[in-house]
Amino acid sequence: MDQIITRFPPSPSGYLHIGGARTALFNWLYARGNSGKFIFRIEDTDFERSTQASVDAIIEALEWLGIDWDEGPYFQSQRLGLYQEYVQKLIDNGHAYYCNCSKERLDIVRKEATSQGKNPKYDGKCRNLGLKKSDDTAVRIAAPLTGVTVVDDLVKGSVVFQNLELDDFIIQRTNRTPTYNFAVVVDDIAMNVNTIIRGDDHLSNTPKQIILYRAFGSPLPKFGHVPMVLGPDKTRLSKRHGAMSVTAYRDMGYLADALINYLVRLGWSHGDQEFFTRKDLIQKFNLENIGKSAGIFNPEKLTALNAEHIKASQSKDIAKKLIPFLKENGVISNEGLYIEKVIETLKPRSKTLKDMSNQALFYYTEDVTYDIEAAKKFLDSSSLTAIDLLTQEIENRECSSEKDVEDAFKSVVDKTGLKLSKIAQPIRVALTGKTASPGIFEIIDILGKEKVICRLKNAISFIKQK
RNA sequence: GCCCCGUUCGUCUAGUGGUCCAGGACGUCGGAUUCUCAUUCCGAAAAUCAGGGGUUCAACUCCCCUACGGGGUACCA
């Protein structure tokens, strides 16, 4: 077979949502895994609904996901000449005709048909009228009246449509813009797209498109219709399902790789494997293992996967992505502390980057603020000796390693006869303000002698003031 | 209405006629490790394979019907 050429053709009427991203991903993965070409095209023939802001948003989302394209973005609005040319071809070879039926007449025809229990399709009035082009004419395809059109689908198998069910649909509007089915086919022919992977809401459009390919005498591409992504209520994804835009997930602190992993896995499988790196996916993704049924978007599983990807990431890579979140949290400068070590301690306990930055705050704060409950429970006179002793131990040591810190604690344990667990909690609250944090030794090691002593002394005076 | 697609634990799924009284993951619930929280590790509950008919020695797997869900039926994409 020739080089595989796929494409992603969103219409710019909103942000890139989860479902669209998945479609883009499938096409991209398939191209990348088969040394193919991936084309990006903007379907903006509906001027009413298309906006530049949407175009920008979609590009931003794609770039964040790391989905790159080899050609494009092409804009259908800039290719009107091409469509005109192709319309003319069909007029010339007799596969299309001008139609001047008014919207009102069409409505009546449709209504009549339905009332008689027939299909609400165009009655073909202008098909043989030989109308000439004029201001009030649209162009319709002369579709086959009988027989059958079969879609040989990569995921659904062979799907048969009766041509009787189809009608002479419009390919060019009165305002000379192409309609969707027509523009896609023209572009896909012109761009040599030979593999079309898209949502299965397009399955019933496919026979129309096949009719167009035939009218042009062009070879058919391969079609693969993947099941859609549904909301928790099993209906089509929409705003009311909450955050559905790709960039919203970025802003919540999800890793692009995790989102990709989740999205691809929703509707595709590779045995029992759940965790995939981007490389894995490119290598292993195929069309054979795409499932047939719609999947429900499950944020919990995404989050779990995100936590796994965080754990599997290099701390230096996380650092770059974490800094914006820290800034948003009021951390002006992350200098003075080795951020990668901070991240190292937070990796096993972070679900998202946002989560991580929240947990990192105590490292960077000037003044520890104590949780009321935590202070009440652990910062009282009973813990004074331990804190005091530890302060001394730390002061008398280098504290240049975790081992050093551990020794300091051991010494306090020996002197007081208290269990480590009894000592650790008050210290933890003194250093972080909270009862839950990374390991106490590593915290002290990262914070450094100076800050630790300062925080311990603050805790001591806090207790004394009570 | 008509046409098309789909239906395995709550969710994502494995399963392509016998190895399935159905496996994995998320979530849930126990337990172990532990300086807290996590992590990690063990374990449990959870699917009459939508229902009903066939075909077959044998069906989650093939065929038909029904129900339910989704999509299409536009001078939207």
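The values are calculated or read from the model by the stated rules, or taken from the named source; none is laboratory data. Since the structure is predicted, the reported quantities are computational estimates derived from the model, not experimental observations. Backbone-built Cβ (ideal geometry, glycine too); neighbour counts: all protein chains shown. Accessible surface areas use protein heavy atoms only, side chains included; no ligands, DNA or RNA. Shrake-Rupley method; radii C 1.70, N 1.55, O 1.52, S 1.80 Å.
So which residues in the stretch A:292-312 are in a loop (DSSP other than H, G, I, E, B) and within 19 Å of the chain's Cα centre (by Cα)? I'd like the intermediate steps shown before the answer.
Of the residues in the stretch A:292-312, the ones in a loop (DSSP other than H, G, I, E, B) are A:292-294, A:297-298.
Scanning the stretch A:292-312 gives A:ALA294, A:PHE297, A:ASN298.
In the stretch A:121-154, the qualifying residues are those that are near RNA strand B (Cβ under 9 Å from one of its atoms) and farther than 23 Å from A:TYR86 by Cβ, and the one that is most open to solvent (accessible area, probe 1.4 Å) is A:LYS121. Inspection of the stretch A:329-338 finds no residue satisfying the criterion of being surrounded by fewer than 16 Cβ atoms within 10 Å (Cβ to Cβ), part of a helix (DSSP H, G or I) and either in contact with a helix residue (DSSP H, G or I) (Cβ under 9 Å, 6 or more places away or on another chain) or not assigned by TED's automatic domain parsing to the domain that holds A:ALA256 (or both).
Restricted to the stretch A:410-456, and to residues there that are near RNA strand B (Cβ under 8 Å from one of its atoms) and basic (Lys, Arg), the residue that is surrounded by the most Cβ atoms within 10 Å (Cβ to Cβ) is A:ARG428. Considering (1) open to solvent by 40 Å² or more (accessible area, probe 1.4 Å); (2) assigned to a helix (DSSP H, G or I); (3) aromatic (Phe, Trp, Tyr), the lone condition that A:TYR363 does not fulfil carries the number (1). Inspect the stretch A:103-110 for any residue being within 30 Å of A:GLY224 (Cβ to Cβ) and under 40 Å from the mean Cα position of the chain (by Cα) and give the result as yes or no. Among the residues of the stretch A:103-110, not one is within 30 Å of A:GLY224 (Cβ to Cβ) and under 40 Å from the mean Cα position of the chain (by Cα), which makes the answer no. The set of residues in the stretch A:1-43 that are open to solvent by 40 Å² or more (accessible area, probe 1.4 Å) and either of a type in the set (S, T, N, Q) or within 11 Å of RNA strand B (Cβ to nearest atom) (or both) comprises A:GLN3, A:SER11, A:SER13, A:ASN34, A:SER35. Out of the residues in the stretch A:281-300 that are within 27 Å of A:PRO324 (Cβ to Cβ) and open to solvent by less than 60 Å² (accessible area, probe 1.4 Å), state the one that is nearest to RNA strand B (Cβ to nearest atom). Among those that are within 27 Å of A:PRO324 (Cβ to Cβ) and open to solvent by less than 60 Å² (accessible area, probe 1.4 Å), it is A:PHE297. Of all residues in the stretch A:93-117, those that are within 8 Å of RNA strand B (Cβ to nearest atom) have Cβ atoms under 9 Å from Cβ atoms of residues that are among the β-branched types (Val, Ile, Thr), 6 or more apart or on another chain, in A:CYS99/A:THR137; A:CYS99/A:VAL139; A:CYS99/A:ILE170; A:ASN100/A:THR137; A:ASN100/A:THR174; A:CYS101/A:VAL109.
Of all the residues in the stretch A:51-69, those that are over 11 Å from A:THR247 (Cα atoms) and among the aliphatic types (A, V, I, L, M) number 3. If you go through the stretch A:155-173 and keep only what is open to solvent by 70 Å² or more (accessible area, probe 1.4 Å), touching a residue at least 40 places away in the same chain (Cβ under 8 Å) and part of a loop (DSSP other than H, G, I, E, B), you end up with nothing.
For the stretch A:263-280, the candidate set comprises residues that are open to solvent by 30 Å² or more (accessible area, probe 1.4 Å) and within 9 Å of RNA strand B (Cβ to nearest atom); within that set, the residue that is farthest from A:PHE26 (Cα to Cα) is A:ASP272. Summed over the stretch A:77-99, the residues that are in contact with a strand residue (DSSP E or B) (Cβ under 8 Å, 6 or more places away or on another chain) and outside any helix (DSSP H, G or I) give a count of 5.
For the structure I just gave you, tell me whether A:THR303 is within 13 Å of RNA strand B (Cβ to nearest atom), over 30 Å from A:ASN34 (Cβ atoms) and in contact with a helix residue (DSSP H, G or I) (Cβ under 7 Å, 6 or more places away or on another chain). For A:THR303, the condition - within 13 Å of RNA strand B (Cβ to nearest atom), over 30 Å from A:ASN34 (Cβ atoms) and in contact with a helix residue (DSSP H, G or I) (Cβ under 7 Å, 6 or more places away or on another chain) - is not met. Condition test on A:SER245, is it touching a residue at least 40 places away in the same chain (Cβ under 8 Å) and assigned by TED's automatic domain parsing to the domain that holds A:GLY14? For A:SER245, the condition - touching a residue at least 40 places away in the same chain (Cβ under 8 Å) and assigned by TED's automatic domain parsing to the domain that holds A:GLY14 - is met.
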